[in-house]
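Every number in this text was worked out from the coordinates using simple rules, so none of it is lab data. Just so it is clear, the structure is predicted and the values come from calculations on it, not from any experiment. So basically every Cβ, Gly included, is an ideal-geometry build from the backbone, and we count neighbours across all protein chains shown.
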């Protein structure tokens with residue numbers, strides 16, 4: 001297979017992840033195969049819990065292929081991961097081309113064993129065993145790159161023994177096609193389920209009752225542990241026609257004063273699905289019937305009962321029902337009123353919403369399903385958060401925290417691919433101080449003056465949902481409230497690439513022209529470079545990502561302080577505190593680049609001097 005032609009973006013899907021797996025863990029694992037452009041663990045929009053799968057985007061397709069060949073089914077946090085090529089077009093998966101269905105599998109066969117068995121026939125795009133809470137369901141799917149490989153696997157493996165069980169292998173048929181093909185066959189069955197016969201029947205009597213309809217393979221009444229009949233059983237016929245005739249004749253027949261139930265035997269999952277569909281249908285009919293006429297009323301006084309509620313709303317039209325919800329005789333404070341027409345309900349909402357009954361103003365609105373109400377409230381909550389975050393970025397442009405786990409270089413032509421708007425950043429947007437003793441105070445650091453301005457935020461940074469810098473900085477060089485109007489021009493992100501920028505290449509990765517020995521042009525991953533300060537432990541990006549947010553600032557501050565102390569011994573603590581408000585990726589860059597650090601230190605000194613001059617001028621005026 002040539003992944004460059006088939007999957008030019010070199011993107012992998014990583015499934016079956018443990019809920020606690022993060023982008024940092026995946027980066028640490030996959031970066032050993034080559035430069036990683038971005039990683040995204042997909043999460044629930046509201047709860048932010050992991051959905052159990054992620055996308056890893058490599059710079060080179062052959063690095064992605066190497067990761068797929070060497071890391072598929074490796075264990076992370078006790079679970080084997082499942083890697084496949086990311087297919088942005090769902091029609092390839094749904095078409096059924098190259099897709100094979102396998103059933104009657106032994107419970108011990110997992111994804112890796114299935115992959116190893118079928119990989120001999122061609123390149124596999126996806127391989128999965130269907131599982132539930134108790135393990136394997138006994139069937140699975142293998143999606144080959146070509147239809148020819150799928151055809152060969154069916155010819156060779158169908159009917160073979162896998163772990164002493166004869167397996168079935170056939171072409172995957174989508175559910176819609178399967179239902180259409182089955183047609184009347186769907187109603188044909190051999191097994192009959194009988195219930196509601198009490199304790200009158202045993203196995204022999206059950207067989208005698210059904211033997212007149214055809215040859216019986218087995219007849220069984222189910223008993224509990226004490227030998228008492230549970231009131232139901234099964235009869236298996238050799239011919240489906242005999243089973244159908246028995247159901248037709250005996251269903252509803254009186255046996256021992258009870259009405260016998262006789263029907264097609266179903267698996268538990270099938271029966272539950274059928275009942276669920278039936279109840280959903282009833283629920284939808286009820287919802288459609290009361291759509292626009294049923295009102296939700298809350299903030300009811302404890303003394304309001306059904307009659308009082310009906311009386312208050314009866315002036316607006318014909319009421320079909322009025323109910324105050326209660327618990328053990330006590331009102332829950334809300335209820336429902338159903339009118340005969342939408343016009344009457346609309347008029348009641350307009351007139352009664354906010355009206356005081358007894359001593360409380362009512363809240364009246366059209367009743368909603370629980371799911372619709374939750375979705376509506378969640379949407380409102382997300383919109384409020386997005387508005388607040390945009391305002392915070394505009395008020396405090398210095399802190400526009402990253403929204404994704406971006407790492408090395410991404411070509412300009414590929415910038416539009418994989419914008420992970422809801423990924424967790426490798427770096428915190430800012431140190432969450434202010435609740436107790438700040439970590440940098442132990443080393444003599446002081447906070448940064450407020451209103452230090454940098455370059456204006458771009459539209460992209462304003463829209464990042466993970467920006468959490470809502471708290472303004474209140475510290476100043478003297479430790480009191482920050483002065484107004486203090487500006488620190490050009491205290492912005494370094495011009496060179498850094499770990500958090502899309503145009504950056506992580507330290508330790510070779511350039512495009514470098515490669516492994518004996519393989520020209522093939523980049524070989526190198527260990528991450530570390531920042532080494534005399535007397536301090538080496539610091540790497542991975543070490544920083546593994547630490548808590550408070551510890552990250554402390555680690556950076558301990559390494560910045562001695563460097564700044566050499567330049568300005570008296571102001572070292574104040575300057576360090578100011579610089580620690582910048583993103584961690586930029587602080588790492590300053591530790592690696594002496595020129596960048598010197599530039600920022602001089603800018604900080606200029607701000608301190610300007611602030612001191614302003615205070616002196618203010619003192620003279622007084």
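Given labels modelled 7 Å from the Cα in the Cβ direction, how far is it in nm from residue 375 to residue 220? Going from the residue 375 label point to the residue 220 one covers 4.3 nm.
Just to be sure I understand: if I project the alpha-carbon convex hull of segment 304-374 onto a plane and average over all orientations, what area do I get in nm²? If you can, show how the numbers build up before the last one.
Working: hull surface 21.2 nm².
Its Cα hull, projected and averaged over all orientations, spans 5.3 nm².
Placing one equal scatterer on every Cα of segment 96-227 and applying the Debye formula, the log10 ratio I(q)/I(0) at q = 0.10, 0.16 Å⁻¹ is -0.53, -0.89.
The simple Förster model, with R0 at 25 Å and r as the Cβ-Cβ distance, assigns residue 116 and residue 45 a FRET efficiency of 0.10. With all projection directions averaged, the alpha carbon convex hull of segment 9-144 covers 8.8 nm².
Going by how many other Cβ atoms sit within 10 Å of their own, how do 143, 18, 62, 134 line up, fewest first?
Details: 143 21, 18 14, 62 18, 134 7.
Result, fewest neighbours first: 134, 18, 62, 143.
Please pull out the direction-averaged projected area of segment 205-291, using the convex hull of its alpha-carbon atoms, in nm² to one decimal place. Spell out each step's value before the answer.
Numbers: hull surface 33.9 nm².
So the mean shadow area of the Cα hull is 8.5 nm².
Summarising the overall dimensions of segment 248-362 from its C-alpha atoms, the Rg and Dmax are 21.6, 65 angstrom.
For residue 88 and residue 565 in the same chain, what is the full-extension length gain: residue separation times 0.36 nm, less their Cα-Cα distance, in nm?
Working: separation 477, 0.36 × 477 = 171.72 nm, distance 5.28 nm.
Roughly 166.4 nm would be gained on extension.
The modelled label-to-label distance for the pair residue 302/residue 614, using points 7 Å beyond Cα in the direction of Cβ, is 5.8 nm. Computed on the Cα atoms alone, the convex hull of segment 280-330 gives a volume of 110 cubic angstrom per residue. Label positions at residue 266 and residue 128, each projected 7 Å from the Cα along the C-beta direction, are separated by 2.5 nm.
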